[in-house]
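Throughout, read-outs are computed from the coordinates displayed, never taken from laboratory work. Predicted, not measured: the structure shown is a model, and the values here were computed from it. Here the Cβ positions follow ideal geometry from the backbone for every residue, glycine too, while neighbour counts run over all protein chains shown.
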Amino acid sequence: MRGARPRNRFQRFSFWLLLALAWSNAATGAEPAHPTPPLAQLLALIDARLELMRDVALYKFRSAAPIAAPARERRVIDAAVDAASRAGLDPETTARFFDAQISAAKAVQQGWITQWGRTPPSPSERAPDLATELRPQLLALGEALVVALAGAEPTLREAALVDAHRSQFNSSVAVEHLTAPAANSLFDAMLAVRANRSAQTVNVLHAVLARGYLRVGTTGDYPPFSHWDASAGRFVGIDIAMSEKLAQSLNVEVRHVRTSWPALMADLTAGRFDIAMSGVTHTLERQRQGLFSGAYHLGGKTPIVRCTDVDRFSGMDRIDQPGVRVVVNPGGTNEVFTRRHIQSASIRIHPDNTTIFSELVRGAADVMFTDDIEVRLQSRLRPRLCPAMPDHTLTKTRKAYLLPTDLLWKAYVDAWLEEQRLSGALERDFEEGLEKAATLR
């Protein structure tokens, strides 16, 4: 038996107010000033439906009706599946959730009827009519549950949050006579509900607003854009500051998801983040798998070398020679450029972007090609390193934010980015980011 709570008129009023708000926001698309998180809405509705089982049990106890009603239960599940298809949910996992709901409801009813077999309820307590009073409420709750499931689904599939979800479920769904096995089955079924990806177009903006947080993919190895500060246990950099401002514009939290240059596109297409903000270069190859925001930085590839070798490597014809050792980090545009333009010099892959410049300093490599902004930063961080071609880039590239294929989401990010540019905030973030990055060690 789970913890019981007092039942009163205010509790029922709160339920109908919650239901009305859930339907109102779903129907109009309105965003309340302080929206209830989708998972909290879902759990409140699950709890409200199970709370009604005492009234259902009282009606069946007084009328000697059986707890199980297979035909009625089948209709409830069929109606849920139909509503799920309209809401973009997977019919099979939604059906299993409602089947678990029904099992939990029967467990609660059985608990009450068993209790009343020992201690009957007060004769003065009225039993609401099942057909005319309770079933309309249960029907409305079922439809609202589907809407809430659709809103909470992005949160439910976050594997890292399972323990937090379980704790929230146990504290929110605390109905008397709900057995532990029934509660666990209901939780597992809730967690397994998925969107119908084959029938649903990507709607990142809606998903971000619904779940209440923005997932930002970032590598943490590319200052001044993104750097993992181990001492502080957090990401820092220009794009990290920008990601926080983007989240603020949406009135949601920001959660940074670590990715890597080799895994960047796979993580994007797998839906691990809503936007990549890590000094990503806009390329046609990446464009084939996603979308890009407007550019927020223009630059290009240029070589960085030991300061004593600047004259030796002042041109590509001097760099691409036998005996010259070029080092490069894997999986990104630096590797693409290097392999395309270096034919005679040797190329060595160094897997750690945070230590690759030390390879130049200690003499294990001679040249590295990277973006001019990183060359500027690393020459400030490491006085022994200098740009081989000051104020000159070998390519013209754009830094932009990498997005899933959702034009509505791209339009929002572009509009926000233009506001940052016009207000001067973008320029200030770059100057502050470079200054802070120059202190990193």
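Given R0 = 35 Å, the distance between the Cβ atoms of Ala263 and Ser103 translates into a calculated FRET efficiency of 0.30. The Rg/Rh ratio for the range 301-395 is 0.90, where Rg is the radius of gyration of the alpha carbons and Rh is the Kirkwood radius.
By the count of neighbouring beta-carbon atoms within 10 Å, fewest first, Arg362, Arg157 end up ordered Arg362, Arg157.
Potential lengthening of the chain between Thr132 and His392 amounts to 85.7 nm, from the contour at 0.36 nm per residue minus the alpha-carbon distance. A Förster radius of 30 Å combined with the Cβ-Cβ distance from Asp352 to Ala40 puts the calculated FRET efficiency at roughly 0.10. Placing pseudo-labels 7 Å out from each Cα toward the beta carbon at Glu158 and Thr308 gives an inter-label distance of 5.2 nm. The range 93-165 and the range 62-82 have their alpha-carbon centroids 12 Å apart. Ordering Thr338, Thr155, Thr218, Thr132 from the fewest to the most neighbouring beta carbons within 10 Å gives Thr132, Thr155, Thr338, Thr218.
Relative to one another, the C-alpha centroids of the range 324-348 and the range 274-314 are positioned 14 Å apart. At an R0 of 35 angstrom, the distance between the Cβ atoms of Ala180 and Arg272 translates into a FRET efficiency of 0.55.
Here the range 188-251 and the range 370-431 have alpha carbon centers that stand 19 Å from each other. Exposure proxy shown here: for Glu73, Glu158, the number of other Cβ atoms within 10 Å sets the order, fewest to most, as Glu158, Glu73. Computed from phi, the 3J(HN,Hα) profile of the range 416-425 under the Karplus parametrisation 6.51, -1.76, 1.60 (θ = phi - 60°) reads 5, 5, 5, 4, 4, 5, 5, 7, x, 5 Hz, with x in place of Gly and Pro. Amide H to amide H, with H built 1.01 Å from N, Tyr213 comes under 5 Å of Glu253, counting only residues 5 or more places away or on other chains. Ignoring solvent entirely, what values of log10 I(q)/I(0) come out of the Debye formula for the chain at 0.08, 0.09 Å⁻¹ when each Cα is a single scatterer? Log-scaled intensity ratios, in q order: -0.60, -0.69. Going by alpha carbons, how many degrees (0 to 90, nearest 10) lie between the helix axis of 372-381 and the longest principal axis of the chain? That helix lies at roughly 80 degrees to the long axis.
Extending 7 Å from Cα along the Cβ direction at Glu431 and again at Ala230 yields two label points whose distance is 3.3 nm. Against the longest alpha carbon principal axis of the chain, how many degrees, from 0 to 90 and to the nearest 10, is the axis of helix 53-63 turned? Taking Cα atoms only, the helix is inclined about 20 degrees.
Per-residue 3J(HN,Hα) values for the range 301-307, derived from phi via the Karplus relation 6.51 cos²θ - 1.76 cosθ + 1.60 with θ = phi - 60°, read 7, 7, x, 10, 9, 5, 4 Hz in sequence order (x marks Gly and Pro). Positive contributions from Lys and Arg (+1) and negative ones from Asp and Glu (-1), summed over other residues with Cβ under 10 Å from the Cβ of Asp221, come out at 0. In terms of packing, defined here as the mean over residues of other Cβ atoms within 10 angstrom, the peptides 182-192, 380-390 line up highest first as 182-192, 380-390.
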